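A short reminder: the numbers here are calculations on the coordinates, not readings from a lab. What you are looking at is a predicted structure, and each value in this text was computed from that prediction instead of being measured. Because the Cβ atoms are built from the backbone with ideal geometry, glycine has one as well, and the counts that use them run over all protein chains shown.
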């Protein structure tokens, strides 16, 4: 993974020192709250319902085992013993005291981490495929380009005060595990007909109150021109994006108000202007620098192994389910990718305790080249596990409460923190997720239902990605009571789609029954177990599900 | 709508921010609440302008008196961050009420999913 050079170390340390001074001045009254608030937000520090919340950047979801231990130590020493994996692959701490935050940032800095640009109207943490570098079929490791973008966008003065926040995701395979079509910019590494590497660039996707699927503005961009092209997109947005209305300020609104063609034309024109300046005006990366960064993402020292028949008839039913749901194919023979579920029944989706973090770090050292990933679906991944080690790994994960065999199943729910923590939320999300998990507690039933992605947001800001849930659940406040609106047919994979609202909002005690009705309807109508919920929905449309949901209510 | 019954807008012209996101009307009993600067803990304004973690010790205010006290709380930034007026009802103690009831109950007690955290845990232990 990437390691800081002296410049990285110096700028992050300088930021910690600066924030320490800012906190001290706020506490003495030298800074007003209005002056201090943007400064703390630029360091990822929010003020939520019960406490401050610190959002730590996990660049493209990649952590070393040692970094995970540092996060565990922060959870233990400065929080209440746990952290929370967010839908931007970051880790949030829900209870830090302001007076301790400079020390927390110092501890992060010492481990080559920070919370810079995890808030504010700037380019946020670049997200990626949690299977990056491990999945078959990648053009190259997408994290190389995430790191390039991270370095380009960190403290970029022109893009520090955009109209609104800006989210970029990069993937390198056809199977989209990074939801690139619902990002401000989605980038897919691919090759052209001549076999040369480059990028497909999508712009204007997003969720929130106005969801859109991104438009392709460039089907193929040569690899060495990425940064100047991104600069052109950001410049057009910075100039033309709305600043008069918070809810219309994202680039998706600009793209759709200008029209795809006019927006693309403006970007291309701006790009040509940049390129006319020649090498002195271009921010494009010299090949030597690309190669230097790529050097940090070289493959680990894989052993020459053969594939085993590890899926054949395991004795233990729980282990069999885990193999079936949480173990994915690796690009190298004899290895596998393991999804570590952070969705045990009854816990907040994405929460992981300090002890679990330490245990997972040890397992990463032992079984996965010290490499750990966070996922936008609020799970974690050990990307490079020998197939022969899977039984021992499963046993160790189970021992620490991380052995849930539910990746991609009905209980593997994305849920935002909701009204239990969040200052913006209208309703709670996590208790709804927990009640659905309880209803579908039987692992055999979950396996029978198969892949089903439920995503829950506690308000229209859609941090729980409900628009792209196969079943999406949006909490709405109705005169002080919690109601939930159901959407169907959303998806964030390569066939990304925004879910359709199927009817009136449901009272909180009706939600779980509604989900069960939807599941039962699917089971009764599917052509067979191989037809997933989302496939059945695509074939049948919303009508039979609507009928089931509202027939007697 | 008549002069005797001018409608809800005219009856309560003042809108006050609650928690930075919600809007409330200047009707009924209010308590000033904020988060403590040093650690974010939920606090309430007591008589005389001191802050307390105990909702039952908060000062209950109405009308212009509430607005005046809120202005004073906003001017003093040494302890409370983001003060606003929350709706309360005062039968058998002071309790959150109105549209923000669930939110304020959670702020007061702690996350409903983590009974081991927040004031609810202290009450449980007691």
Taking 7 Å along the Cα-to-C-beta vector as the label spot, tell me the residue B:75-residue A:155 distance in nanometres, rounded to one decimal.
-> 4.1 nm
Residue A:140 versus residue A:527: modelled label distance in nm, points set 7 Å from Cα along the beta carbon direction | 4.1 nm
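Report, as a whole number in µm² per second, the diffusion coefficient that Stokes-Einstein gives for segment A:366-456 at 25 °C and 0.890 mPa s using the Kirkwood radius over alpha carbon pairs. It would help to have the intermediate numbers written out before the result.
Working: Rh = 15.0 Å.
Rounded, D is 164 µm²/s.
Per DSSP H run of n ≥ 4, the term is -39500 (n - 2.57); total these for chain A, divide by its residue number, and report the mean residue ellipticity at 222 nm rounded to 500 deg cm²/dmol. Write down the numbers at each step before the final one.
Working: 17 runs with 199 residues, N = 553.
Theoretical 222 nm ellipticity from helices: -11000 deg cm²/dmol.
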Sites residue B:54 and residue A:260, calculated FRET efficiency, Cβ-Cβ separation with R0 45 Å, nearest 0.05 | 0.20
Quantify how strongly other chains surround peptide B:81-90 by giving the mean number of their Cβ atoms within 10 Å of each of its Cβ atoms.
-> 1
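For the residues A:173, B:78, A:328, what sequence is obtained by ranking on other C-beta atoms within 10 Å, fewest first? Please report the intermediate quantities before stating the final value.
Details: A:173 20, B:78 9, A:328 17.
In order of increasing Cβ crowding within 10 Å: B:78, A:328, A:173.
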For the protein assembly as shown, just the Cα atoms, rotate onto the principal axes and tell me the three extents in Å, largest first.
-> 80, 63, 51
Expressed in angstrom and rounded, the centroid-to-centroid distance over alpha carbons for segment A:395-467 and segment A:124-166 is 27 Å
Extension gain (nm, one decimal) between residue A:535 and residue A:448, 0.36 nm per residue minus Cα-Cα = 29.8 nm
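Report the calculated FRET efficiency for residue A:13 and residue A:355 (r = Cβ-Cβ distance, R0 = 25 Å), to the nearest 0.05. Present the calculation step by step, with values, prior to reporting the outcome.
Working: r = 30 Å, r/R0 = 1.19.
The pair residue A:13/residue A:355 has a calculated efficiency of 0.25.
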Tell me, in nm to one decimal, what length is gained between residue A:247 and residue A:209 on full extension, where the rule is 0.36 nm per residue of separation less the Cα-Cα distance?
-> 12.9 nm
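If we count other beta carbons within 10 Å of each Cβ, what is the order of A:4, A:522, fewest first?
Working: A:4 15, A:522 25.
Arranged by neighbour count, lowest to highest, A:4, A:522 become A:4, A:522.
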Fewest to most Cβ atoms within 10 Å: A:455, A:37 sort as A:37, A:455
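When DSSP assigns beta bridges and you keep just the ones with both residues in segment A:134-295, what percent turn out antiparallel, to the nearest 5?
Numbers: 13 of 17 bridges.
Taking every DSSP beta bridge within segment A:134-295, about 75 percent pair in antiparallel fashion.
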Per its Cα gyration tensor (rounded if a/c is under 1.5, else prolate when a/b beats b/c, else oblate), segment A:414-550 is best filed as prolate
With each label point set 7 Å from Cα along the Cα-Cβ vector, what nm distance links residue A:388 and residue A:282?
-> 4.9 nm
